[in-house]
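Read-outs: derived from the displayed coordinates by stated rules, not from any lab. Everything quoted here is computed from the prediction, not taken from an experiment. All Cβ positions, even for glycine, are placed from backbone atoms using ideal geometry, and neighbour counts span all protein chains on display.
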Amino acid sequence: MDRNDLSKIQQIIAFNFKNLDLLQQAFVRRSYSKEYGGENNEVLEFIGDKVLDFIVVKILSEEFGMLASERDNFNTNEDFNEFVSKYQENKLTEIKKRLVKKDTLANCIYNLGLAEYLIMGNGDQKNNVQESHSVMEDLFEAILGAEAIDSNYDISRIQDSVMVMLNPKAIIFENKINYIQEVQDWNLRRTGDLPEREFAETYRYYFTTRDLLHSKAPNRYEKYVCFITVDGVKKAVGYGATKAMAHEEASKNIYDYLEANSMLYTIKDEIVNPSLNMAINQLETLSRRGYFSIPEYSFKEFHDNDGNPFWNVECHIDEMEYYFYAAASSKKQAKKKAAYEMLKYVLDNFEEN
């Protein structure tokens with residue numbers, strides 16, 4: 001990992017390190033440190049696990065709770081200034097579990113392109129551990145652990161990074177378009193970089209609509225303003241009571257512009273060259289980008305009259321009507337063939353919801 005890699009990672013995770021050695025350590029597996037010496041990311045992972053729990057609880061309390069005095073109908077003479085939450089403990093616990101579960105964190109690492117920077121020993125490389133969701137979960141937590149140490153546990157800075165890496169509102173409100181992720185993915189495809197993004201407090205900002213994509217002027221509760229710039233599109237502005245809300249509104253303004261001008265990518269743009277050899281990975285890429293659930297495969301081994309083995313493999317995706325089957329003398333080749341048939345089908349028949 002060189003300085004260019006570290007610079008790119010800092011941009012992706014929206015966190016600037018004073019000590020870049022900590023950032024690199026977050027990507028070092030124990031297998032590598034055993035072979036070559038130095039420290040690995042296991043203790044950082046332990047720290048990051050606890051930091052993530054705290055940050056997620058803080059996000060949920062901000063999203064669904066407030067002090068009673070923040071309500072418009074609060075009466076200072078009659079009402080207690082208690083903490084009020086839209087949801088009870090069991091509902092909040094359920095949402096928290098979704099946010100911090102292994103598959104969620106792993107998919108975030110894959111989607112941000114951080115898996116390719118993992119520093120592994122020879123054993124890990126042979127076992128392709130970069131495909132393990134557990135390993136990617138560990139990496140997510142190790143990055144937060146490194147941020148905590150580097151910032152002396154600056155919760156505000158770490159939370160800003162979590163909002164970018166995890167994009168929790170998209171997970172909390174599953175039925176809504178993930179505007180932040182959609183805009184990030186769009187710009188990554190165009191330029192290889194995340195959108196430019198900056199925040200300010202609204203009272204410091206002189207409001208003008210010139211050359212900005214916007215939906216409205218801020219109200220008195222909207223403390224933050226977010227500016228986002230993507231390739232070939234006007235700068236967008238969004239306002240919100242939190243940075244996350246401002247970020248989402250600015251992203252929605254860009255998304256609406258892209259949609260109105262027929263600039264959004266379709267599923268066919270995602271896979272330009274469908275390939276038999278890459279079909280398994282290409283299907284998984286589409287799954288990670290939210291088009292459909294993870295493909296499932298089932299395997300059956302048979303033998304011909306001479307006793308030679310051959311494999312039947314079935315590929316299925318929950319949202320798709322058909323199952324696709326393939327047979328080959330090797331399990332791996334049969335899986336590729338089944339995946340390729342499914343890939344061709346989804347590229348021709350997938351319909352956006």
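By how many degrees, 0 to 90 and rounded to 10, does the Cα axis of helix 243-260 deviate from the longest principal axis of the chain?
Tilt relative to the chain: about 60 degrees.
Show me the ranking of peptides 128-140, 334-346 by mean Cβ neighbours inside 10 Å, starting with the highest.
My ranking of the peptides, most packed first, is 334-346, 128-140.
Angle between the Cα long axis of helix 102-112 and the longest principal axis of the chain, 0 to 90 degrees, nearest 10?
With both axes taken from Cα atoms, the answer is about 90 degrees.
Enter the angle in degrees (range 0 to 90, nearest 10) between the Cα long axis of helix 133-150 and the first principal axis of the Cα atoms of the chain, meaning the one along which they spread out most.
So the helix axis and the longest Cα principal axis differ by about 30 degrees.
Expressed as a whole number of Å, what is the distance separating the alpha-carbon centroids of region 1-56 and region 330-348?
36 Å
For the ranges 319-326, 300-307, what's the packing order if you count other beta-carbon atoms within 10 Å of each residue, average per peptide, and put the highest first?
319-326, 300-307
Under the rule of at least 5 residues apart or a separate chain, name every residue whose amide H is placed under 5 Å from the amide H of GLU196.
Here THR229 satisfy the definition.
For the chain, what is the relative contact order in percent, using Cα pairs closer than 8 Å and at least 6 residues apart in sequence? Write out the running numbers ahead of the final one.
Values: 523 pairs, mean separation 43.4, N = 353.
Computed value for the chain: 12 percent relative contact order.
Just to be sure I follow: if Rg is taken over the C-alpha atoms of region 285-353 and Rh is the Kirkwood radius over the same atoms, what is Rg/Rh? Spell out each step's value before the answer.
Details: Rg = 13.7 Å, Rh = 12.8 Å.
The Rg/Rh ratio comes out at 1.07.
Go ahead and estimate [θ] at 222 nm for the chain from helices alone: -39,500 (n - 2.57) per DSSP H run with n ≥ 4, summed, over the residue count, rounded to 500.
Numbers: 15 runs with 173 residues, N = 353.
Result for the chain: -15000 deg cm²/dmol, rounded to the nearest 500.
Rounded if a/c is under 1.5, else prolate if a/b is larger than b/c, else oblate: which is the chain, with a ≥ b ≥ c the root eigenvalues of its Cα gyration tensor?
The shape class here is prolate.
Which of the peptides 39-47, 143-151, 257-265, 75-83 is most tightly packed, and how do the rest follow, going by the mean number of other Cβ atoms within 10 Å of each residue?
In descending order of packing, they fall as 143-151, 39-47, 257-265, 75-83.
Over the chain, what is the percentage of antiparallel beta bridges among all DSSP beta bridges, to the nearest 5?
Values: 27 of 30 bridges.
Once the DSSP bridges in the chain are tallied, antiparallel ones form about 90 percent.
How big is region 179-260 in terms of Cα radius of gyration and Dmax, in angstroms?
Cα only, region 179-260: 12.0, 37 Å (Rg, Dmax).
With the Cα gyration tensor of region 61-125 giving a ≥ b ≥ c as the square roots of its eigenvalues, does the rule (a/c under 1.5 for rounded; else a/b larger than b/c for prolate; else oblate) give rounded, prolate or oblate?
Verdict is prolate for region 61-125.
Please report the projected area of region 1-131's Cα convex hull averaged over all directions, in nm².
Computed as one quarter of the Cα hull surface, the answer is 11.1 nm².
When the Karplus curve 6.51 cos²θ - 1.76 cosθ + 1.60 is applied with θ = phi - 60°, which whole-Hz ³J(HN,Hα) does each residue of region 64-72 get, with x for Gly and Pro?
10, x, 6, 6, 4, 5, 7, 7, 5
Can you give me the Cα centroid spacing of region 67-93 and region 231-280 in angstrom?
Their Cα centres are 36 Å away from one another.
Dimensions of region 76-232 along principal axes (Cα, Å, largest first)?
Its Cα atoms span 65, 46, 36 Å along the three principal axes.
When the expected Rg is taken as 2.2 N^0.38 Å, what fraction or multiple of it is the alpha-carbon Rg of region 85-173?
Normalised Rg, Cα atoms only: 1.23.
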